[in-house]
Amino acid sequence: MKQISVQFLVFASMLAWPFPVIAQASPERAVLTIDARFEASRLADLELELMCNSGIPVKEYKTLPNDGLLDWTIEFPPDTPTVCQLAAVLPLGYSASYSAQGDSIFESSPNGCQFRRLESEDLNRCRVDVSQDPVLLTVYLEWIGPSGEEPDVRVNLECESGEYSGFRYVNAGSPGSWEIRDIDPEGILCNVSEEVRETFRPDIIDCQGLLVLPGKGEACTLINTKIVKRIEMLNRYGKIIMILLVLAVGLAAARRLT
């Protein structure tokens, strides 16, 4: 029993003996200043992704509620080649352009700002310009009735907001389109109307209440039913018979008068 107690004391003293502490090198730091420019009325916020690789890829994210400047401190191991790339994470219907500059080796591309061979206390800068992509609203036209070409029909577009311009002329096989910009993130409602003529009855129901969203185009079809006069429904033989009947009636009337 006494021997066990001695062994326990020896083991406990070994645990209490201080082990050598391996000092870890402090990470180096560089600063990336982001100059983000976007319309808050057309984009609720801007999410940014920073991916750095010092042997193991690491991703970080930050969100900007408004456009402006943001300083992002980058930590990386000393004496280790490090590459970082900043890009915007955008919803459907938006695009970004990038411009990089700074102390590190930098490069701009459609994919973001890239910085290579980062060193301690490097100051880098990335400008991010976000814009909304235009969408297309396309109108088709179908005719119901006898064959034969019809003149183009003038159509108009009305939306509750957004930027678009002018009217279009459409026909079967020849649709018309509008490019719509500056769309509310929740979407806008649009209606298409056409200039009515006496030669057809319009059906525009498919082109009413169109919801246009960023990144999502729309299309609809106008259906016009031709109005044909009775005389136009007769073929050429029917017209000849009708002319002969009129002549016969006229001759009979002339004989009665003589």
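Quick look at the numbers
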| read-out | value |
| --- | --- |
| Members of segment 172-181 that are surrounded by 16 or more Cβ atoms within 10 Å (Cβ to Cβ) and part of a loop (DSSP other than H, G, I, E, B) | Pro175 |
| Members of segment 218-227 that are buried (at least 17 other Cβ atoms within 10 Å of the Cβ) and more than 21 Å from Glu149 (Cα to Cα) | Glu218, Cys220 |
| From the options Asp71, Asp122, residue that is closer than 26 Å to Ala40 by Cβ and either in contact with a helix residue (DSSP H, G or I) (Cβ under 8 Å, 6 or more places away or on another chain) or in contact (Cβ under 8 Å) with a residue 24 or more places away in the chain (or both) | Asp71 |
| Top-ranked residue in segment 56-97 [being of a type in the set (Ser, Thr, Tyr) and in contact with an Asp or Glu (Cβ under 8 Å, 6 or more places away or on another chain); ranked as farthest from Glu121 (Cα to Cα)] | Tyr94 |
| Index of the failed condition, Glu198 passing every other in (1) of a type in the set (Asp, Glu); (2) farther than 30 Å from Leu69 by Cα; (3) touching a Gly at 6+ places or on another chain (Cβ under 7 Å) | (3) |
| Among the candidates Tyr164, Tyr140, residue that is out of contact with any Lys or Arg (no Cβ under 7 Å at 6 or more places or on another chain), modelled with pLDDT under 95 and surrounded by 16 or more Cβ atoms within 10 Å (Cβ to Cβ) | Tyr164 |
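The values are calculated or read from the model by the stated rules, or taken from the named source; none is laboratory data. Note that the coordinates shown come from a computational prediction; the quantities given were computed from them, not determined experimentally. Cβ coordinates were reconstructed from backbone atoms using ideal geometry, including for glycine residues, and neighbour counts include every protein chain displayed.
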